[in-house]
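The values are calculated or read from the model by the stated rules, or taken from the named source; none is laboratory data. Just so you know, these numbers come straight off a predicted model, no measurement behind them. Cβ coordinates were reconstructed from backbone atoms using ideal geometry, including for glycine residues, and neighbour counts include every protein chain displayed.
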Amino acid sequence: MFRGFYTAASGMLAQQRRTEVLTNNMANANTPGFKADQTSLRAFPEMLLHRMGQQTVPTEKGLNLPFNQEVGSLNTGVYMQETLPSFMQGDVKETGLNTDLALLDLNLPVNPDTGLRGSVFYTAAGIDGEPRYTRNGNFTIDGGGYLTTASGLYILDDAGERIQLSNDRFTVSEDGVITGEAGETARLGIMYAQNPESLRKEGDGLFAVTEESVLENAYNAQNVQFKLQQGYLERSNVDASRTMTDMMTAYRSFEANQKVLQAYDRSMEKAANEIGRIG
């Protein structure tokens, strides 16, 4: 009697978590460089039920025939296995600001293990001193003349050093070379991840490396082609209309499981209060 109860409950939990992910995607639909999270639901392992006790069944002629001990399989519900960001290129919009840079994918090799394309990232210095990687090119110049992210993290060059400029009147070539008004030059640190799904997603559009992550200098990576476009920003790759549709689907699935749960609850209430009543 309680088997369906727990199956419905697991479905509600899975759809609730899926809704949370979709809501976060929708909230970041206008965040530059944001990569939408994708969810995958997976069923718990099925169980094969067997009949316990008597091995035979009596017949009208008094014979005991073998009884099929297998009752059948039982599905024990679903769970949200993982969330992975989609690194598909977002649309590019013009802003006209020198400090805004869009990183455009031209030719990125396909990972033979996953069947997905790699991705290129800007390099920033995290608060803990370790590098972080981002697609958000909404940069600014701080009080010390350093190029930083909107949240204040220093953008690094291809040598891992901070980029200092005299002012915001600088130019950036398509191959990442920055030339300041006073003649200072630097080259943006662009890294290539063959398997970007191995990166750990953090807040503020940042990614951190894990033990499985392998990154290399994108300028030297084989068959990797990209370019930078100054005065433009890469927009979020969230598809707002599809995300809204998926949210409605998740809500309806949650509601359906909720009704099943309520039906079980009424059945249990009736069993506890009416079955076994005397008189």
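Exactly one residue out of THR148, THR140, THR123 is of a type outside the set (D, E, K, R) and touching a residue at least 60 places away in the same chain (Cβ under 8 Å), and it is THR123.
Kindly indicate whether any position in the range 179-197 is in contact (Cβ under 8 Å) with a residue 12 or more places away in the chain, more than 21 Å from ALA36 (Cβ to Cβ) and either of a type in the set (Lys, Arg) or not assigned by the TED database to the domain that holds LYS227 (or both). Within the range 179-197, one or more residues are in contact (Cβ under 8 Å) with a residue 12 or more places away in the chain, more than 21 Å from ALA36 (Cβ to Cβ) and either of a type in the set (Lys, Arg) or not assigned by the TED database to the domain that holds LYS227 (or both). Within the range 105-134, being assigned to a loop (DSSP other than H, G, I, E, B) and either of a type in the set (Val, Ile, Thr) or in contact with a Leu (Cβ under 6 Å, 6 or more places away or on another chain) (or both) holds for THR114, GLY118, ILE127. Scanning the range 105-124 for residues that are surrounded by fewer than 21 Cβ atoms within 10 Å (Cβ to Cβ) and either at pLDDT 95 or above or basic (Lys, Arg) (or both) yields a single hit, ARG117. Can you confirm whether the range 247-256 contains a residue that is under 19 Å from the mean Cα position of the chain (by Cα), touching a residue at least 12 places away in the same chain (Cβ under 8 Å) and assigned to a helix (DSSP H, G or I)? Yes.
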